[in-house]
Structures are given as C-alpha cells and as structure tokens.
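The structure appears below as structure tokens.
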Amino acid sequence: MAVAEWLRRVFGLAGGDGRRSSEGGWPDYYRRYATEVDHRIPPDTDLREIPVVVLDAEATGIDVRQDRILCMGGLRVSGNSINLGEKFEAYLPTPPGFERSDAVVIHGIIPNSQRYAYVDEPTLLSDLLEFLDGALIVGHHIGFDVALINQALKRHGAGPLLNQVVDTADLAKRLRPAGYWTPEHDFSLDALARRYRIPLSDRHTALGDCYITGVLWLKLLSRLALRVGRDLQLRDL
Amino acid sequence: MPNQVTYRVYDFLKEIEPFSYLDQESLLRVASRVEVRYQPPGTVVFRPGEPPRDRFFVVKEGVIELYSEDADGQELLVERCGEKDIFGIRPLLADDTYVFLARAVEESLLYAINSEGFRDIIPHHPRVLEYLATSMAGSSRYNLEYRAVQRQRPGAAASREEPDLLTLQSLHRSRDPVVCHANETIMDAAQRMTEQGVGSIIVVDEDHCPIGIITDRDLRRCVATGMVSRKLPVLRIMSSPVSCIPTEATVTDVQIRMLRTGYHHLVQTEDGTDKSRVTGVVSEHDLLLLQGNNPAVVIQEITTARTPAYLRELRDRAERLLSSYLEKEVAIGYITAVMTQINDEIIRKCIKLGLARMQADGLGNPPALFDWLTLGSQGRGEQLLRTDQDNALIFEDVSPAKYNSTKDYFLKLADYVTEHLNEVGYRYCDGDMMASNPKWCLSVSKWKDQFTEWMHENTAENLLNTSIFFDYRGVWGDGSLPDKLTSHIFDELGSNSTRFQASLAMAALQNPSPLTFFRNFVVERSGEHKDQFDLKARAMRPLTDAARVLILQARKGNINNTLKRFEALAKLEPQNARLYEEAAEAYELLIRLRAELGLKRGDNGRFVRPEELTQVQRLLLRNSFNPVKEIQQLLEVRFQLSFLR
C-alpha cells in the first residue's frame, strides 16, 4: 500500500504533458483525484456529516462494455437538504455508430441535438471527479453508472472511481425485502417513486432522475433511522 | 443554464404569491438556488430564538405547524402551513430571531428559498414588497382571536340578542379609554388590548394627551408577519398624529370626519384637539354597530312593504348590509341574528300578503290556528344568503269532517306564500320541502305521527328529513303549536332513544371530514358541480348534524342554532368545552366564508372552486376541518357507532 502510494506519487510528479502523464498512464485530473482526495469514510461517521452526491448517467444502452455515456447529472445532498444550486450536468456528443440507439426513446436525448452544450469525455470525467471529491456516491442501480464511468476512465488511461457507493435500490430492498412474490421491477426508480409518493415529472433526464433519487434517498433514510432507532451512521447502510 | 429540475421548481413557485410577481428570468434565478429540504414527521424546521439562516420556506408537500410558546412554556398552535404556503419569512424582512417553532406534522418537502438572492430582487419588484407588507398579515389564528375579541365587546354582545335595539346615545358610553405610553413594548400594548377586549389602544404622553394610536390592523400588519419585533416600543408602529373630536360630538360629526379624513378611528378628547386629555375612541366598527346601515330601518321598511318586488329590493339592501358587516369582520353571532330577523320579517310579510290574497279570493280567514314553520338553516337562524326555501305548516287538530277543507285552505295559502317568497328570491325547493306540499302541511296530530315514524324507522330518507325538519322554528302564527311538537319529540326520545340517536349520529359521519384537503380538495366527482368543493355537505353539515344530535341527547329542545347549541354543550360538558368552542368557531368561519363567496358570485356560496380561494381562505378553511374530525370521533365513541358500521 505504502509502496503503491509512493510509486503513484513518483510517477505522478514525473508526468508533465497536460492531461495524460507519460509514465504512470494517469491523466492529471485522475492523479489529483486519486492521491489528494481522501475517499475513506469511517463507518461510525454520522450520516448527516457525510457529503453525498446523487449521481445519474444516461447512456446509449445497457451494455457496460459497449455503450457510452450521453449525459451525466449530479446533485449534492447535505443533511436533509438537496442543494439545487450546486449541481453537475454535462452532455457528450453521441459517438459515431450509436445514433440509432434504442435508448433514445427512453432518455429522449436526440443524438447531437443543438439543445445541449457538449463537452468531450475527458473534460466530463475531469469535471465529474472534481465535483465528486470525497463524497459518498448515491444512485439508483448505481452499479451500472459506476461501471460506465469506470469504462470511460479506463479508455482515457485513468483508474476507477474510489468513492464509497450506496445503491438506493438495495436500500429499498432492505427496508422492504423482495420475496418470491416481489418481482425485481418493484424496486425500479419508477415503482419506488410511486411507493414513496415522489412525482415523476422529469424522469429520464439525468438531473431529473438525480432529484427523484435524492428525495427517495432522504425518505428511505428516515425510515431506516426509525428502524435503527438512533441517528444513522455510515455502517448502517 | 436552467435545467429541468430548476424548471420544475420554477413551475411550482410561479403560481404562488409573491413569486408570481417576478419576471421569468428573476424567478428562474431564484429557483436555481433553491434548496430542497426533507422533513420526516415530527422533525423541527426551526426553533424560537434560533438565528435565521439566510432562507425562508415554501411547503412543496406535507404540512408544517407553527407554534408559539406562552408564558408557561405551553405550545400554542399558531398556523398550519400546507402546500404552497410560505413561512419563516422573518429573516427576509428583519434581522431578528425566529419567534415560532416550526415542526413537520407529516412527511414534508420544503423549498428553502435563499433570501439573499430574493432580497436583491425586491427593489425591482414593488408588488413583491407590497405583498409582503400587506397580505402576509392573514394569519388565521390572529383573525380568530380578533373575532373573539370583537365578540366580547360589550356593544356587540348586547346587540347580539336584540339587533334592532341600536340607538345613538351609546356612542357616549362612559368607558375609560385604553391607553399606553410611547416607550411601552408592543407586546404589553397587545396584552392590554386583549385584556380589555378592545380593537385599538391610544398612545398618550405624560399629560394624557394623544400622540398616536395602534389598532388590530397595525398589529396584524407589523407584528404577526414578523416584520417588527414584539419587544420594540409601540412608538415604532403607531399611527401618528391622530384625528381628534370633542367628547360631545354626534354620530353625524363622527361620520363626516371619518369620510373626510379616511381614518377608521377617531380619538375623543376634552376639547377636540390633541392638546387635551383623551376621553375615548370611536371606531368605524362602533359606528356601524350603532347606526350606519341600520338593520332596524330595513326591518321597518319590510313591515310597511306592499309588494314582493319591493321586498326583493329590501332583501338586496340587506345583502349590502351583510357585505359591509363581513368586510368589517363583525361577529358572526351578531350578523346571523340580524339577517335572521330580516329573513323572518320577510317571511311574515309574505304570509300576510298571502292571507290578503285569500281574502281577496273570497276564502276568508284561516279556519283553524296555525303556525308557519321555517326549516333547515333558516330554522336554525343561520341563513345569511337567500337559499332554497324550506318550510312547513302546522295547524291545530280539527274534527275529521273538517280536516280536508281546513288542509285545503292552508295548502292554498302556502301556495301564495311560497310564490311570494320565490319572487323575493328564495327559490322553490327542489325537494319540495315546502308548506305547499300536502305532505308537509299537517295537523298537530299528524305531525306527531310523522315525527314518531321518522324516529322509529331509520331509513336514509327519514334521516334526511330528520336533519331538515328537526330544526323547525315557528315564525308566524299562533305560536303554541311548535312547542306541542317539541314536547312530543322528547316524549318519544324517552321511550326509544338510543337507536334513533345513534342513527342521527351516523348521519353526521356520512360526510367524512375533508382531511385530504392538504393536498387536494375533496371535490365532487361528477354532475353540475364537478371539481368543486361542497362547503355545505362536507364541512358545515357534519357540524350542524353533530350539534343537533348532541343537543337532543342533552334534551335541550329549545336551542335551535348551531352556534348556540355548541355554546350550551360547552357548558353542559366542561370536559369537552374546548372542542365545542372550536367547533363553534369553525362553524362561524364557514358561515362567513360561504357568505363571502356567495356575495362575490351572486349565488348561495355552497360550492367553491379551490382556485377561487385566497391563500388565507384556504388556510382558514383547512383549520376548520380539525374540529369536524374531532367531533366526528366524539360521536363515534359516544354513540358506539363502530359497532353499527
């Protein structure tokens, strides 16, 4: 561990040509993220004190190895508040060969529409890592989003996300476990939003889904706190 | 660049005052800085004494209650804030700490508006400032207290029983004026006003000369909104200088002065200037009670009227009187007494006109003693606006041989009377609950049989009839026949009470209390009044039904008015006094609201479109649902209705 850290620093310092360092293979933004940010959160930390980012990505499809990110949204949650002023939102142009993606009907992002200001993937990743910092990542079926991001990071020679991650679908299952009579889709964002009475108006826009997930997160936590019977800590999740 | 979530917040806020006054760009900027706050049930948003952070709140969903603490540390509910209500706006207006405790009653989402950003916007939007300064004053609790104070005023209380005994000399009533000094706190002044039951207090100097005045309105405008701290000296909010009149001024002098100056309060001093000692204060409200549009004059006119057309005109005039009463927030007990007297007088006049026509037709005088009964809300003396007529006729027992001809005479008479009433504006009853219907024009014995049947066979139809006919009141005739009916009812109650009372209580539960109002009105699903809220059926009827069955149970047959019934019940059952008082208060409020809506629209005010209510009216209405629910629970327990259901 110490050696790895040392190597990382040495190679990091050695690199110097802009985004991608020649020796370590890590771009600067990732090196900074990996070495200067503390991603460890002690399990007994009071949940209200942990910075949280609710994350959601819209992609060209559901194949982590093939499909690409089209849009990424993030909202900060601190305590029991979602701060709309501090948001992350970025769009990527649809890569060649994905224009006829079946997912267009779901997220409604028309390939390369003039409605959005696009950035390139490294910029998105760099901005995202800066926004994430050492926060706890929360998302619905967040494993998919994290895998997509990790694939993208890998494409640009960076390592994986290091933040701790919580899936609101898992949390919902723990609060109301699925039996053989409970189909998996009962833990979809739509079903849960309905169950917890969250309006679904902006579904399938990255930021809209973030917002819905954020409210769901807060509602789930209050129910979990009732079950645990005290203020929540990270290890309760 | 605004995103979808910002637009969602924007869409929500743009319907709400004062955000509705902002241009799109400014509001989008406000929306983009909103913090969405989640409050699980029972959690506190802020506490009294806490320094305000740089935000105020709009309820996105759920309910937040604001409490103030009294001297003993007891929590007093000040306000319930539902969807789209704003609270905690104090930090926006004054650098002071929170006065109230705000707590989520149910799971709630709040939009915390960054007041920093909002404050920058105010100078460019004068209407926002105007809104904040004026309409935030509509705190329900304060209005209720204000009315309670009005009710306790000696003038109003006395006139409540006999509204036409108003005379001029009482203007010179020898009551010591309520005063305070300029350096006393607003809180002390308000306290004294409450103790003394007055709507204004005069600020005096060391020589007892007036230097300013504070009225209920000032308190509402400045203090209830949180714009001014209650601990500041009265100097900060008093109106100054005051307009003075000499002690011996006449009503006309007062009227002219008020018209000329536009002041609502005049201070009486020894020599009529502000350089002499204060002797009293006259408000527009006093004047209205004293004289103004004197109901006695209207009643006088009714008795001399010769045609239904002129009666209609007089009833229209009474409506204007009603509207000015409502505007001045005169106590509902007084208003209903006045309007009932006017309605009664019109009914009497119509009967006299009917009798005259019978004479003209050559049918002669009534063949037997009779009493004209008015039913439903007019029977209870609670009718403010003209609704459908509900009436019946009772005549003394006659020999079987004469029964049919006697009945025919009264049916014919009733035809004329109901026709005249219709011309005055009391429309024919859809359900034909009128004295002209052979079913409701009966002799004493037959009426007794009818009531016995209603009380023993508790069908749905009988219960409906019960709810209308049991609130009968004789308005014209011999006067002895209604009492015979009443004593019969109580005899019957003695022999078979439980089941009948239980069914009556059941009827009071048939319209569930409209609690879902917080999110949506319980509106009518279909028919002519689709998407409207039925004020009468959903809020008022449960209260009248409850009052009726409870007063029957208490065997108080002569109390026919919902407010008075609750008043009597509060005395009979001290352990439930609070609930009954709240129920009466809620009922007053509903009567008031219905009259206000009806006057505005020119109908009977029964159905309301949710969107036509102001924020304040919505709040008041919502508060009135609490006692509805509580009283329904009381009935359920007392009459053991859970077994019946």
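Go through B:D390, B:D415 for me and flag whichever is buried (at least 24 other Cβ atoms within 10 Å of the Cβ) and not assigned by TED's automatic domain parsing to the domain that holds B:L590. Before you say what the answer is, go through the steps one by one.
Values: B:D415 fails: buried (at least 24 other Cβ atoms within 10 Å of the Cβ).
So the residue among B:D390, B:D415 that is buried (at least 24 other Cβ atoms within 10 Å of the Cβ) and not assigned by TED's automatic domain parsing to the domain that holds B:L590 is B:D390.
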If a residue must be surrounded by 23 or more Cβ atoms within 10 Å (Cβ to Cβ) and at pLDDT 85 or above, how many such residues does region B:316-334 contain?
2
Report yes if some residue within region B:112-123 is in a strand (DSSP E or B), modelled with pLDDT of 85 or more and away from chain A (no Cβ under 14 Å); otherwise report no.
no
Would you point out the residue of region B:191-208, among those that are more than 23 Å from the chain's Cα centre (by Cα) and crowded, with 19+ Cβ neighbours inside 10 Å, that is farthest from B:Y263 (Cα to Cα)?
B:V204
Pair list, Cβ < 8 Å and 6+ apart or interchain, from region A:203-229 residues that are facing another protein chain (nearest Cβ under 8 Å) to residues that are β-branched (V, I, T) and in a helix (DSSP H, G or I)
A:L207/B:V5; A:G208/B:V5; A:C210/B:V5; A:Y211/B:V5
With criteria (1) at positive phi; (2) modelled with pLDDT under 85, B:P51 comes up short on (1)
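Does region A:146-172 hold any residues that are among the charged types (D, E, K, R) and either in the same structural domain as A:P27 (by TED's automatic domain parsing) or surrounded by fewer than 20 Cβ atoms within 10 Å (Cβ to Cβ) (or both), and which are they?
Correct list: A:K154, A:R155, A:D170.
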Of all residues making up region B:56-68, the number that are at the interface with chain A (Cβ under 10 Å from one of its Cβ atoms) and of a type in the set (A, V, I, L, M)
0
Looking at the structure I just gave you, is B:D449 closer than 25 Å to B:K352 by Cβ and either surrounded by fewer than 17 Cβ atoms within 10 Å (Cβ to Cβ) or in the same structural domain as B:R565 (by TED's automatic domain parsing) (or both)?
no
How many residues are more than 7 Å from every other protein chain (Cβ to nearest Cβ), surrounded by fewer than 24 Cβ atoms within 10 Å (Cβ to Cβ) and assigned to a strand (DSSP E or B) when one looks only at region A:65-86?
5
Helices (runs of 4 or more DSSP H) completely within region B:305-408 that count 1 or more residues being over 32 Å from the mean Cα position of the chain (by Cα):
B:332-360
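Out of the residues in region A:47-64 that are over 24 Å from B:L110 (Cβ atoms) and surrounded by 22 or more Cβ atoms within 10 Å (Cβ to Cβ), which is farthest from the other protein chains (Cβ to nearest Cβ)? Walk me through it before giving the result.
Keep residues of region A:47-64 that are over 24 Å from B:L110 (Cβ atoms), which gives A:57-64.
Applying the additional criterion that residues be surrounded by 22 or more Cβ atoms within 10 Å (Cβ to Cβ) yields A:57-60.
Working: A:A57: 15, A:E58: 12, A:A59: 18, A:T60: 20 Å.
Per the criteria, the residue is A:T60.
Could we say that B:R29 is at pLDDT 85 or above, touching a Leu at 6+ places or on another chain (Cβ under 8 Å) and of a type outside the set (F, W, Y) here? Please lay out each step first, then the result.
Working: at pLDDT 85 or above: yes; touching a Leu at 6+ places or on another chain (Cβ under 8 Å): no; of a type outside the set (F, W, Y): yes.
So B:R29 does not fit the description; no.
Give region B:24-55 a look and list any residue that's free of Cβ contacts under 8 Å to residues at least 40 places away in the same chain and away from chain A (no Cβ under 12 Å), or say none. Quick ask: steps written out before the conclusion?
Taking region B:24-55 first, the residues free of Cβ contacts under 8 Å to residues at least 40 places away in the same chain are B:24-25, B:27-28, B:31-32, B:53.
Within region B:24-55, B:Q24, B:E25, B:L27 meet the criteria.
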Just to verify a result, which residue in region B:9-23, among those that are in contact with a Ser or Thr (Cβ under 9 Å, 6 or more places away or on another chain) and crowded, with 21+ Cβ neighbours inside 10 Å, is nearest to the other protein chains (Cβ to nearest Cβ)?
B:V9
Residue pairs within 7 Å by beta carbon, gap of at least six or interchain, first lying in region B:230-243 and within 15 Å of B:H181 (Cβ to Cβ) and β-branched (V, I, T), second buried (at least 17 other Cβ atoms within 10 Å of the Cβ) and at pLDDT below 85, listed first then second, are B:I237/B:D218; B:I237/B:C222; B:I237/B:V228
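Going residue by residue through region B:591-601, is there one that turns out to be over 25 Å from B:Q341 (Cα atoms), acidic (D, E) and at pLDDT below 90? Show your work before the answer.
Taking region B:591-601 and keeping what is over 25 Å from B:Q341 (Cα atoms), we get none.
No, every residue in region B:591-601 fails to be over 25 Å from B:Q341 (Cα atoms), acidic (D, E) and at pLDDT below 90.
The values are calculated or read from the model by the stated rules, or taken from the named source; none is laboratory data. Since we're looking at a predicted model, the values are computed, not measured. So basically every Cβ, Gly included, is an ideal-geometry build from the backbone, and we count neighbours across all protein chains shown.
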